[in-house]
Amino acid sequence: MNVFLKKLKKRADIISNIRNFFLELDVLEVETPTISNYRTTEVHLKSFKTFLVSEIEKKYSYKSRKKMWLITSPEYHMKRMIAKGSGAIYQICHSFRNGEIGNYHNPEFTILEWYRPEYNMFDLIEEVVSFLKIILGCKFVEKISYRDVYFNVVGIDPLFASKKDLIEKSKYFGIQNDIIFSNIKLKNEIEINNYLLELIFSLAVEPIIGMNNPLIVYHYPALQSQNSIINSDDSRLSNRFEVFFKGLELGNGCEELINFDNQKKIFENHNNFRKKLGLSVYPIDEFFVNSLKKINFLYSGIAIGIDRLIMVATKSKNINDVLTFPIKSS
């Protein structure tokens, strides 16, 4: 069997096993739109734009055109399904993020998302553990709090670290000054510390964790988890977690925010930050926000990058190795 065919078969087998996993659990597979009326308001995600043409006149001139957007994930549509009473659901689909190209990124990628009504964060974590053991054949999946893994690797408590401590640690780990100070001028003291915490975690912690076994890191700082429920025992923390293996982030999950006012405020804050950066401001997804009025129950969800999952399963170093046609050859 040639390498190309072997790659196709391995990918097909993994996706088939994922579907069987959810079939056994009686989780419903769903489909949602790839083209949306709204784009994401998040600063760090850039959507692909397209146009809906209602009527084409002679000589192919457009009588009217409406801006539409390719989804960066199926999240908002799936949450609207939860609000309509879908129960537990999952989806495997393509999503699109402009400008994301690298060893671990392709502008078009495959994503798995699933949502579980009446599940708290730890309920979903246990299901993710089962998922990883079955899909990747792992014997063990480790779990640790964000606070503990940060202290173990960096040597400081992230909940009490000062700006001075974080700048010193950034330099200790070889992070360049232009990166350390690139966004500090835009933020207040609390936001500066959060920016530095994230910077150190992404550049110094993430690449070395979960090397032997998958690692689930839970209770991220609240400032890094706007769409998650805040922990009831410590308001500095959120009920959010991420999954790492071989130095790669594979997934991001949480107890989902259900408060209409809070969610709308988050989108408004996104746009206010966009203004500070001199970026365009985008309309809030009213379909999604209004759907939250119908949700009065706890639910949790997670998104997992299928391409990265396949990278780990096949011991690949570059996402292009697991894609049939990467962006450069598509």
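The values are calculated or read from the model by the stated rules, or taken from the named source; none is laboratory data. Predicted model only: the values in this text are computed from it and were never measured. Cβ coordinates were reconstructed from backbone atoms using ideal geometry, including for glycine residues, and neighbour counts include every protein chain displayed. Protein only, heavy atoms only, side chains kept; ligands, DNA and RNA dropped before computing areas. Shrake-Rupley method; radii C 1.70, N 1.55, O 1.52, S 1.80 Å.
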Single match in Lys164, Lys169, Lys143 (criterion: open to solvent by 90 Å² or more (accessible area, probe 1.4 Å), among the basic types (Lys, Arg) and in a helix (DSSP H, G or I)): Lys164
Options Asn98, Asn20: the member that is within 30 Å of Ser329 (Cα to Cα), outside any strand (DSSP E or B) and among the polar types (S, T, N, Q): Asn98
Residues being in a strand (DSSP E or B), surrounded by 21 or more Cβ atoms within 10 Å (Cβ to Cβ) and under 16 Å from the mean Cα position of the chain (by Cα) - total across the range 216-241: 7
Scan of the range 78-95 for residues that are within 15 Å of the chain's Cα centre (by Cα) and in a helix (DSSP H, G or I), ordered by number: Met78, Lys79
The range 151-207 - residue that is aromatic (Phe, Trp, Tyr) and farther than 17 Å from Phe244 by Cβ and, of those, modelled with the lowest pLDDT: Phe181
Failed item in (1) more than 29 Å from Ile216 (Cβ to Cβ); (2) assigned to a helix (DSSP H, G or I); (3) open to solvent by less than 80 Å² (accessible area, probe 1.4 Å), with Asp178 passing the rest: (3)
Complete set of residues in the range 1-47 that are of a type in the set (Asp, Glu) and either at pLDDT 95 or above or surrounded by fewer than 13 Cβ atoms within 10 Å (Cβ to Cβ) (or both): Asp13, Glu24, Asp26, Glu29, Glu31
Test result for Phe244, out of contact with any Phe, Trp or Tyr (no Cβ under 9 Å at 6 or more places or on another chain) and either open to solvent by 60 Å² or more (accessible area, probe 1.4 Å) or under 23 Å from Leu132 (Cβ atoms) (or both): yes
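Listed here are the residues, each with its yes/no results for (1) touching a strand residue (DSSP E or B) at 6+ places or on another chain (Cβ under 6 Å); (2) touching a residue at least 60 places away in the same chain (Cβ under 8 Å).
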| position | (1), (2) |
| --- | --- |
| Phe160 | no, no |
| Ile179 | no, no |
| Tyr195 | no, no |
| Ala204 | no, no |
| Ile230 | yes, no |
| Phe245 | no, yes |
Output for the range 112-146, where each listed residue is under 14 Å from the mean Cα position of the chain (by Cα) and among the aromatic types (Phe, Trp, Tyr): Trp114, Tyr115
Residue tally, condition on the phi > 0 side of the Ramachandran plot and modelled with pLDDT under 95, over the range 211-254: 2
Subset tally (residues that are in a strand (DSSP E or B) and either within 22 Å of Tyr104 (Cα to Cα) or without any contact (Cβ under 8 Å) to a residue 12 or more places away in the chain (or both)) for the range 247-264: 6
Leu196, sole failed condition from (1) under 23 Å from the mean Cα position of the chain (by Cα); (2) among the aliphatic types (A, V, I, L, M); (3) surrounded by fewer than 16 Cβ atoms within 10 Å (Cβ to Cβ): (3)
Matching residues in the range 96-111 - criterion: being among the β-branched types (Val, Ile, Thr) and more than 14 Å from the chain's Cα centre (by Cα): Ile101
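Matching residues to (1) touching a helix residue (DSSP H, G or I) at 6+ places or on another chain (Cβ under 8 Å); (2) of a type in the set (Lys, Arg); (3) more than 26 Å from Leu257 (Cα to Cα):
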site	(1), (2), (3)
Asn271	no, no, no
Lys275	no, yes, no
Glu286	no, no, no
Lys294	yes, yes, no
Asp307	yes, no, yes
Ser330	no, no, yes
Subset of the range 65-120 that is of a type in the set (Gly, Ala, Ser) and open to solvent by less than 60 Å² (accessible area, probe 1.4 Å) - its residue that is farthest from Glu256 (Cα to Cα): Gly102
Candidate set from the range 252-263 (those that are of a type outside the set (Asp, Glu) and over 12 Å from Leu124 (Cα atoms)); member that is surrounded by the most Cβ atoms within 10 Å (Cβ to Cβ): Gln263
Candidate set from the range 254-271 (those that are touching a strand residue (DSSP E or B) at 6+ places or on another chain (Cβ under 8 Å) and not aliphatic (A, V, I, L, M)); member that is nearest to Ser145 (Cα to Cα): Cys254
